[in-house]
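K.L.:
For reference, the structure I am asking about is given below.
Any read-out appearing in this document is the output of simple, stated calculations on the displayed coordinates, not a laboratory observation. Please read these numbers as outputs of a predicted model, since none were measured by experiment. A quick note on method: Cβ atoms are made from the backbone with ideal geometry, for glycine too, and the neighbour counts reach across all protein chains shown.
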Amino acid sequence: MSNPGDTDETPLESVRQMAEYLAAGCKPRSAYRIGTEHEKFGFRLDDFATPPYAPADGQPGSIRDMLRALVTQRGSGGGGEPILDSGNIIGLKQNGAAISLEPAGQLELSGAPLIDLHATKTELEDHFAAVRAVSEPLRMGFAPLGFHPTATRAAMPWMPKGRYAIMRRYMQLVGSMGLDMMTRTCTVQVNLDYASEADMRRKLRVSLLLQPLATALFANSPFTEGKPNGFLSYRAHVWTDTDNQRSGIPAVMFEDGFGFERYAAWVIERIPMYFVYRDGRYIDVAGRSFLDFMAGRIPELAAMTPTLGDFADHVTTVFTDVRLKRFLEMRGADAGSPEMMVALSALWVGLLYDDAALAAAEALLAGAGWQDATEARAAVPRLGLAAPWRGHTLRDIASDVVAIAADGLRARNCRNAQGQDEAVLLEPLRAIAAGGPTQAEAWLTRYHGAWGGDVRPIFTEAAI
């Protein structure tokens, strides 16, 4: 999500102008980069409760204290320029990366654009080390899981970010689980580049069709309020009734003629607004039409000139399984172990950044379309790899997809200090595709076995 003050004040006059804004993201292959984002839940080491934003009840540790400590933390992964919202620290800018807060204090790292996956792995390791260094003295820890395993919605705190207050009010009007999405979910995603409009379209459609498989492979949210919830990815289930007008797998992305201009038109015609940011404050216009904003038909905005920055902010309120910005965001996976989060980036880089691998993925998916993707998406939160896929199951294509990604990574020939190429980072997915348990299935085995029906050990076992 954008941060206060990050805006483009160019007056907005046409859909074509918006399309050109998106098209400016096109890059030559030599400029392709990898940006990995992930979120994780904070917890108090003493009782596993969620830390508040500011210290309270005489308890040690708070999100604010942790962020302040990160600002001055020495070494890789620490330090940075504070990001403020109405005087409150809500994140840090760090040499191309950023640390920010999700609505209930989930800590997010938006990684820098990096040249290879070995650098991604190092970035995550450095970040985790910095977070541990400042959190442990505060008696806090962080665990990347897809859905909070113990807390009720009411028990989750709210962070002092202006746009979250607007979303909190509006979400309750458009779905039954929007507040759960905001406060009790964590994800991992990778952001990847495209070379042209045609290249964007190919990559977008392949990744949309395979997003249900990613959800199944990375499923990591089998518990709700201390008990098994009957799902492998409850986070994915939450998204089925959050705000369906702006989420899911839109049919428009599979229509003939889809491109930057058609997408821009769809965004302003079909996606209701949340806010406009002016003079250091968020103006709540949730549910109003961006077209009406452009035409001067929203009274409280009538004196304002829409800008490219307003459009860019509006694009961040699109929550599709793959989001098109000036790059593509893969949004279908639960947060998980460090190895799995690197594997998420490796999967998509392998599939999309090598021409032969992309063509092989298209061949594997030949004949598949929007209905296949949406049917799998509906079934996968509960069934995982057993979800139906074109007369078979997702498990039937998992090994082939991982193998294609591995070929794509080998073709990149990016090696670490030990001489290993990036394909080594797919090892956790190879094990799952070969029949091993997903993270969710492994946790359920622990719950019914070693944990004796007590889910709380998941915090320390999943902690970074």
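K.L.:
Using the Karplus equation 6.51 cos²θ - 1.76 cosθ + 1.60 (θ = phi - 60°), what ³J(HN,Hα) coupling, rounded to whole Hz, does each residue of region 247-253 give in order, writing x for Gly and Pro?
P.N.:
10, x, 10, x, 5, 4, 6
K.L.:
Also, I was wondering about something else. Can you pull the one-decimal nm distance between simple spin-label points at Arg153 and Glu427, each 7 Å off the Cα toward Cβ?
P.N.:
4.2 nm
K.L.:
While we're here: Could you give each residue of region 17-33 its phi-based ³J(HN,Hα) in whole Hz, using Karplus coefficients 6.51, -1.76, 1.60 with θ = phi - 60°, and x for Gly or Pro?
P.N.:
4, 5, 4, 5, 4, 5, 5, 5, x, 4, 9, x, 3, 5, 9, 4, 9
K.L.:
Figure the gain on full extension for His448 and Glu81 (residue separation times 0.36 nm, minus the Cα-Cα span) and round it to one decimal in nm.
P.N.:
On the way: separation 367, 0.36 × 367 = 132.12 nm, distance 4.50 nm.
Between His448 and Glu81, full extension yields an extra 127.6 nm.
K.L.:
Further, regarding this structure: For region 15-462, state the semi-axes of the equivalent ellipsoid (square roots of 5 times the eigenvalues of the alpha-carbon gyration tensor), sorted largest first and rounded to whole angstrom.
P.N.:
Numbers: eigenvalues 176, 172, 100 Å².
After diagonalising the Cα gyration tensor, the semi-axes are 30, 29, 22 Å.
K.L.:
Explain nothing, just the number: relative contact order of region 307-444, from Cα pairs under 8 Å at least 6 residues apart, as a whole percent. It would help to have the intermediate numbers written out before the result.
P.N.:
Values: 120 pairs, mean separation 33.7, N = 138.
That works out to 24 percent.
K.L.:
Then there is this: Along the Cα→Cβ direction, 7 angstrom out, place labels at Leu173 and Asp47. What is the inter-label distance in nm?
P.N.:
3.7 nm
K.L.:
Could you go through region 349-365 in sequence order and give the Karplus-derived ³J(HN,Hα) for each residue, using 6.51 cos²θ - 1.76 cosθ + 1.60 with θ = phi - 60°, rounded to whole Hz, and x for Gly and Pro?
P.N.:
Per residue, the Karplus-derived 3J(HN,Hα) values read 4, x, 6, 10, 9, 10, 4, 5, 5, 4, 5, 5, 5, 4, 5, 4, 9 Hz.
K.L.:
Suppose we keep just the DSSP beta bridges with both residues in the chain; what percent of those would be antiparallel, to 5? Walk me through the intermediate numbers first.
P.N.:
Working: 46 of 49 bridges.
Of the beta bridges lying entirely in the chain, close to 95 percent run antiparallel.
K.L.:
Here's something else I'd like to know. Given 0.36 nm per residue, what is the gain on full extension from Ala54 to Thr240 after removing their alpha carbon distance, in nm? Intermediate values should be presented prior to the final figure.
P.N.:
Numbers: separation 186, 0.36 × 186 = 66.96 nm, distance 3.25 nm.
Fully extending the segment from Ala54 to Thr240 adds 63.7 nm.
K.L.:
So what are the three principal axis dimensions of region 292-348 from its Cα atoms, in whole Å, longest to shortest?
P.N.:
So the three principal-axis extents are 50, 18, 15 Å.
K.L.:
Tell me the relative contact order for region 269-369 as a rounded percent, counting alpha carbon contacts under 8 Å between residues six or more apart. Show your work: numbers first, answer last.
P.N.:
Values: 68 pairs, mean separation 14.0, N = 101.
Contact order relative to length: 14 percent.
K.L.:
Under 23 Å between alpha carbons: how many lysine pairs meet that in the chain, if sequence neighbours fewer than 8 apart on the same chain are excluded?
P.N.:
11
K.L.:
Using helices alone, what [θ] at 222 nm do you get for the chain, with -39,500 (n - 2.57) per DSSP H run of 4 or more residues, divided over all residues and rounded to the nearest 500? Mind dumping the intermediate values first?
P.N.:
Details: 17 runs with 188 residues, N = 464.
It comes out at -12500 deg cm²/dmol, rounded to the nearest 500.
K.L.:
Using modelled amide H (1.01 Å from N, peptide plane; none on Pro or chain starts), what sits under 5 Å from the amide H of Asp85, excluding residues fewer than 5 places away?
P.N.:
Amide H neighbours of Asp85: Ile90.
K.L.:
May I pose another question? Starting from a Cα-only point model with no solvent, please compute log10 I(q)/I(0) by Debye for region 393-464 at q = 0.14, 0.28 1/Å.
P.N.:
Listed by q, the Debye log ratios stand at -0.63, -1.14.
K.L.:
For region 1-105, state which trypsin sites (Lys or Arg not before Pro) are in a DSSP loop and have at most 12 other beta carbons lying within 10 Å of their beta carbon. Mind dumping the intermediate values first?
P.N.:
On the way: sites: Arg16, Arg29, Arg33, Lys40, Arg44, Arg64, Arg68, Arg74, Lys93; in loops: Arg33, Arg74.
In loop regions of region 1-105 (DSSP not H, G, I, E or B), the sparsely surrounded trypsin sites (Lys or Arg not before Pro) are Arg74.
K.L.:
Just rank Phe254, Phe41, Phe293, fewest to most, by other beta-carbon atoms within 10 angstrom.
P.N.:
Working: Phe254 18, Phe41 31, Phe293 22.
So the ranking, lowest neighbour count to highest, is Phe254, Phe293, Phe41.
K.L.:
Pairs of Cα atoms under 8 Å, at least six residues apart: use those to get the relative contact order of region 15-462, whole percent.
P.N.:
Values: 867 pairs, mean separation 88.9, N = 448.
It comes to 20 percent, rounded to a whole number.
K.L.:
Around Asp85, what is the net charge, scoring Lys/Arg as +1 and Asp/Glu as -1 over all other residues with Cβ under 9 Å from its Cβ? The partial results should precede the final answer.
P.N.:
Details: positive: Lys161, Arg163; negative: none.
Surrounding charge for Asp85 is +2.
K.L.:
Can you give the longest stretch of the chain with no exposed loop site, where a site means GluC sites (Glu not before Pro) in a DSSP loop (not H, G, I, E or B) with at most 12 other C-beta atoms within 10 Å? Don't skip to the end; give the middle numbers.
P.N.:
Numbers: sites that count: Glu9, Glu13, Glu255.
Answer - 14-254.
K.L.:
Take the eigenvalues of the Cα gyration tensor for region 319-464, scale each by 5, and report the square roots as semi-axes in whole Å, largest first. Numbers along the way, then the final one.
P.N.:
On the way: eigenvalues 144, 93, 44 Å².
Each semi-axis is √(5λ); the values are 27, 22, 15 Å.
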